[in-house]
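Accompanying notes for the structure given below.
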Amino acid sequence: MDDSLASFIAGLPKAELHLHLEGSFEPEQMFAIARRNKADIPFKSVEEVRAAYRFSNLQDFLDIYYRAAEVLRTEEDFHDLTLAYLKRVAADGVRHVEVFFDPQTHTARGIPFATVAGGILKALKEGDGFGITSKLILCFLRHLSEEDGFATFKQAEPWLDHIAGVGLDSSELGHPPSQLTHLFDAARAAGLKLVAHAGEEGPAAYVWEALDILHVDRIDHGNRSLDDPRLVARLAAEQMTLTVCPLSNFKLCVVKDMAQHPLKRMLDLGLRATVNSDDPAYFGGYVNANFAAVAEALALSKAELATLAKNSFLGSFLDEDAKARHAAAVDTYAAQDGQL
Ligand code: ADE
Ligand code: ZN
């Protein structure tokens, strides 16, 4: 890639809005933590782990992702995982993150909710010290029952002052958003923001459900929205944020080829799309690698890259002052580069 474009991406102030902490678990750290906990992992080496990261769909990935997460046991583990991610993205010009965690993956193994949340929140606070603000989003696993989700929500109650929102992730096909209507109603009543993975592998109908039944504030992925012109018009009119994850889409075969990625079409249709890494340890890159992949494959201009970065702040759950401050920083940066 052109050096000038790579350095433009590197210096662009940006937020990351779609990141699963468990998906930032690098193989080297997985081995180190497994050793510390005397935990078994089904791989002999880092190379063997990386070689296993060939997926033909979302479920292939989730099977390995949940297995690897079993190594995480102590508050220190969750802290170290989170801190490693924050340090890594500080180098990518990331100023703000809104990160997901999957508590049910851990509580189902007998790890207390407080161990998971306590470790993550301690690291997020340390992130403030090196210039990364953050919000935490509790994701419910859609392959589990709404009752299981409610039990988790109960355990989260003492932590709700430190949790900005709830999300919906895991196996999408066969698990429409409407399955968790009551749980999302309860989260909304508790004053939390709402997001949901929809239209990653599932149809546009799932995006409609996320909007009209769960009343979400953001759509995670949303690729399949483009199948439905009426939905596109709705998303554009509401300036609904889509947290798009290009390398994830490629690795999970949601798109066959990066040149066919819908991100540029989304921008051309007036949608508020953002660029995110989803599960960077598994999909081959953090946020700047995602920017670089689409910039190259879709021949995005610097102005389009700046729009994507600005969208990441406008679509965040920061207050209006902070959004405006960050958006102005993107404008200043682009203007210095002669883009505005
Ligand atoms: N959990 C972690 N990554 C995910 C993804 N891309 N889709 C659904 N659930 C996930
Ligand atoms: Zn995701």
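The values are calculated or read from the model by the stated rules, or taken from the named source; none is laboratory data. Small disclaimer: the values here were computed from a predicted structure and weren't measured. When we count neighbours, we look across all protein chains shown, and the Cβ atoms used for this are built from the backbone with ideal geometry, even at glycine. For accessibility, only protein heavy atoms count, side chains too; no ligands or nucleic acids. Shrake-Rupley method; radii C 1.70, N 1.55, O 1.52, S 1.80 Å.
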Which numbered condition in (1) open to solvent by less than 10 Å² (accessible area, probe 1.4 Å); (2) among the small types (G, A, S); (3) not in a helix (DSSP H, G or I) is the only one that A299 fails? (1)
Here are S178, S145, S170, S134: which of them is in contact with a helix residue (DSSP H, G or I) (Cβ under 9 Å, 6 or more places away or on another chain) and in contact (Cβ under 8 Å) with a residue 60 or more places away in the chain? S170
For region 275-287, does any single residue satisfy the condition of being open to solvent by 20 Å² or more (accessible area, probe 1.4 Å), over 23 Å from H20 (Cα atoms) and either of a type in the set (F, W, Y) or in contact with a helix residue (DSSP H, G or I) (Cβ under 6 Å, 6 or more places away or on another chain) (or both)? no
Is it the case, given these coordinates, that A306 is over 22 Å from H143 (Cα atoms), of a type in the set (G, A, S), in contact with a helix residue (DSSP H, G or I) (Cβ under 6 Å, 6 or more places away or on another chain) and at pLDDT 95 or above? yes
Can you find even one residue in region 315-324 that is touching a residue at least 24 places away in the same chain (Cβ under 8 Å), open to solvent by 30 Å² or more (accessible area, probe 1.4 Å) and part of a helix (DSSP H, G or I)? no
Quick check, is G338 surrounded by fewer than 18 Cβ atoms within 10 Å (Cβ to Cβ) and assigned to a loop (DSSP other than H, G, I, E, B)? yes
Restricting to region 212-237, name every residue that is in contact with a strand residue (DSSP E or B) (Cβ under 9 Å, 6 or more places away or on another chain) and not charged (D, E, K, R). L214, H215, V216, I219, H221, G222, N223, S225, L235, A236
Is one or more of the residues making up region 145-159 of a type in the set (V, I, T), closer than 12 Å to D102 by Cα and in contact with a Ser or Thr (Cβ under 9 Å, 6 or more places away or on another chain)? yes
Does D185 meet the test of being surrounded by fewer than 20 Cβ atoms within 10 Å (Cβ to Cβ) and touching a residue at least 60 places away in the same chain (Cβ under 8 Å)? no
Would you call E209 touching an Asp or Glu at 6+ places or on another chain (Cβ under 6 Å), open to solvent by 10 Å² or more (accessible area, probe 1.4 Å) and in contact (Cβ under 8 Å) with a residue 24 or more places away in the chain? no
Note down all Cβ pairs under 6 Å where the first residue falls in region 42-65 and is surrounded by 15 or more Cβ atoms within 10 Å (Cβ to Cβ), the second is assigned to a loop (DSSP other than H, G, I, E, B) and modelled with pLDDT under 95, and they're at least six residues apart or on different chains. V49/F43
Could you please find all residues in region 218-249 being open to solvent by 10 Å² or more (accessible area, probe 1.4 Å) and within 14 Å of ligand 2 (Cβ to nearest atom)? N223, L247
From (1) in contact with a strand residue (DSSP E or B) (Cβ under 9 Å, 6 or more places away or on another chain); (2) without any contact (Cβ under 8 Å) to a residue 60 or more places away in the chain; (3) open to solvent by 10 Å² or more (accessible area, probe 1.4 Å), pick out the condition that doesn't hold for L86. (3)
Give all pairs with beta carbons closer than 6 Å in which a residue from region 296-311 that is touching a residue at least 60 places away in the same chain (Cβ under 8 Å) meets a residue that is open to solvent by less than 20 Å² (accessible area, probe 1.4 Å) and of a type in the set (F, W, Y); count only pairs at least 6 apart in sequence or on separate chains. K302/F8
